[in-house]
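The values are calculated or read from the model by the stated rules, or taken from the named source; none is laboratory data. Please read all numbers here as calculations on a predicted model, not as lab measurements. Don't worry about glycine lacking a Cβ; one is built from the backbone with ideal geometry, like all the others, and counts go over all protein chains shown. Please note that ligands, DNA and RNA were not included when accessible areas were found on the heavy atoms of the full protein model with its side chains. Shrake-Rupley method; radii C 1.70, N 1.55, O 1.52, S 1.80 Å.
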Amino acid sequence: MEMTLKIENLTTGYRSGKKSGVVLQQKINAILKTGQLVCVLGPNGAGKSTLLKTIAGFHAPLSGEIYFGDHPLNTLSLKKLSRLASVVLTERFSDLYLTAFDVVRMGRFPYVSFFGRMKKEDMVLINQTMDKLGVGSLKEKLFYNLSDGERQKVLIARALVQDTPFLFLDEPVAFIDSPGRIEIMEILSELAHRLGKAVLMTTHDMETGLRYADILWLMQRGKPLLAGIPEDMVLQGNVGEYFQRSGLHFDVGKGRFRAESKSLRNLGIVFVKNGGHESAWLTNAMERKGFTVVQEESTPEQGIFVEYKNGSFRLYQNAKPMGEVQRIAAVLEKIEAWGNGTQVGK
């Protein structure tokens, strides 16, 4: 059954000595549905974590309403809320003696008896969930001693055994290496798309948000929250605008920021024949050096042209073959030598 979380005219922040409190975001209106993976994307200090903690009931909103279905958040008991939403935060456990199994078992507390006794079915669910997330072998290990990636999987397992339609995660892939980041995001994607959960996660990792989110919630201090699919956000200029910093510009074609200094240091044009991983990585290397790369299917009459064929990079200058090499480093060396201090291709 589809469930919806609705945010209406929400103002987030925190209380201080001032009567009105310190405001981070104002007039937030957004909807989160089960079956969606939503990334709250924004630079550090935008108020992402505060928004998530407000939605989860840890912080009181300064104004506005949050609805789980037809029920306002402020009318839900702790027990009722714990059966609607599970939360994975970045805070560390202070207990040094909890095992991974102990941590996951906490997720069943909303369902246990008054005396905290678990049924056989609870234990089966815990074991099955840990095995499914690949942390079954860590049951007896101290949570404190696990790697960041292992801890995150254990915390997600705890959230899963809580068995809620909504799952909120604060920076779940921060401080995790690239393979581990992909593993975590694939798990979250499966939870949303196969198990039908509403997954809401904060991140300042643009690549993660653009690659995995069904919907982006873009945040920036002093700007309204914007919601939409990543592709529209990129093409409409919203991502570039909300992450804009002096000396950087957003490359819409590649979905990433580049330093203006690198763009200004244009060493000239190099033509590259499109096709395959080799051409893509050659383009990456050329642009890093400061060349402008233009995709070309045939050898141009003027300029430097490179194609990858039969295991080698073949180089041409003004349509004349100039040799072939096996490595991209050698391509760079040759082109830089030809430039001899002048701009190539001009």
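Yes or no, residue by residue, for (1) touching a helix residue (DSSP H, G or I) at 6+ places or on another chain (Cβ under 9 Å); (2) assigned to a loop (DSSP other than H, G, I, E, B); (3) closer than 21 Å to K197 by Cα; (4) in contact (Cβ under 8 Å) with a residue 60 or more places away in the chain:
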position: D102; (1), (2), (3), (4): yes, no, no, no
position: R108; (1), (2), (3), (4): yes, no, yes, no
position: R117; (1), (2), (3), (4): no, yes, no, no
position: N127; (1), (2), (3), (4): yes, no, yes, no
position: Q152; (1), (2), (3), (4): yes, no, yes, yes
position: L160; (1), (2), (3), (4): yes, no, yes, yes
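If a residue counts only when it is touching a residue at least 24 places away in the same chain (Cβ under 8 Å) and acidic (D, E), which strands (runs of 3 or more DSSP E) contained entirely in region 1-96 have at least 1 such residues?
Hits in region 1-96: 4-14, 63-68.
Give the residue, chosen from V22, V38, V103, that is within 26 Å of E207 (Cβ to Cβ) and in contact with a Phe, Trp or Tyr (Cβ under 7 Å, 6 or more places away or on another chain).
V38 is the lone residue from the list that is within 26 Å of E207 (Cβ to Cβ) and in contact with a Phe, Trp or Tyr (Cβ under 7 Å, 6 or more places away or on another chain).
Kindly evaluate Y14 against the criterion of being aromatic (F, W, Y), open to solvent by 80 Å² or more (accessible area, probe 1.4 Å) and more than 19 Å from L160 (Cβ to Cβ).
Spelling it out, Y14 is indeed aromatic (F, W, Y), open to solvent by 80 Å² or more (accessible area, probe 1.4 Å) and more than 19 Å from L160 (Cβ to Cβ).
Considering (1) of a type outside the set (G, A, S); (2) touching a strand residue (DSSP E or B) at 6+ places or on another chain (Cβ under 6 Å); (3) under 25 Å from G253 (Cβ atoms), say which one N284 fails and leave the rest.
Condition not satisfied by N284: (2).
State all residues of region 52-92 that are out of contact with any Phe, Trp or Tyr (no Cβ under 9 Å at 6 or more places or on another chain) and open to solvent by less than 60 Å² (accessible area, probe 1.4 Å); if no residue qualifies, say none.
Answer for region 52-92, where residues must be out of contact with any Phe, Trp or Tyr (no Cβ under 9 Å at 6 or more places or on another chain) and open to solvent by less than 60 Å² (accessible area, probe 1.4 Å): T54, G57, P61, S63, G64, I66, Y67, G69, P72.
So for region 136-143 (the condition being buried (at least 18 other Cβ atoms within 10 Å of the Cβ) and within 21 Å of the chain's Cα centre (by Cα)), does at least one residue qualify?
Within region 136-143 (the criterion being buried (at least 18 other Cβ atoms within 10 Å of the Cβ) and within 21 Å of the chain's Cα centre (by Cα)), the answer is no, since none of the residues qualifies.
Starting from residues that are under 16 Å from E324 (Cβ atoms) and touching a Lys or Arg at 6+ places or on another chain (Cβ under 9 Å), keep the ones in region 276-303 and report whichever is surrounded by the fewest Cβ atoms within 10 Å (Cβ to Cβ).
Only one residue tops the list, namely T299.
Which residue is farthest from the chain's Cα centre (by Cα), if the candidates are limited to region 163-191 and must be of a type in the set (D, E, K, R) and either surrounded by 15 or more Cβ atoms within 10 Å (Cβ to Cβ) or assigned to a helix (DSSP H, G or I) (or both)?
D163
Using the structure shown, decide if L160 is under 14 Å from S86 (Cα atoms), open to solvent by 20 Å² or more (accessible area, probe 1.4 Å) and modelled with pLDDT of 90 or more.
The answer is yes for L160.
Just name the residue that is modelled with the lowest pLDDT out of those in region 192-211 that are buried (at least 18 other Cβ atoms within 10 Å of the Cβ) and in a helix (DSSP H, G or I).
The selected residue is M206.
Please work out if P230 is more than 21 Å from T99 (Cβ to Cβ), in contact (Cβ under 8 Å) with a residue 12 or more places away in the chain and open to solvent by 60 Å² or more (accessible area, probe 1.4 Å).
So P230 does not fit the description; no.
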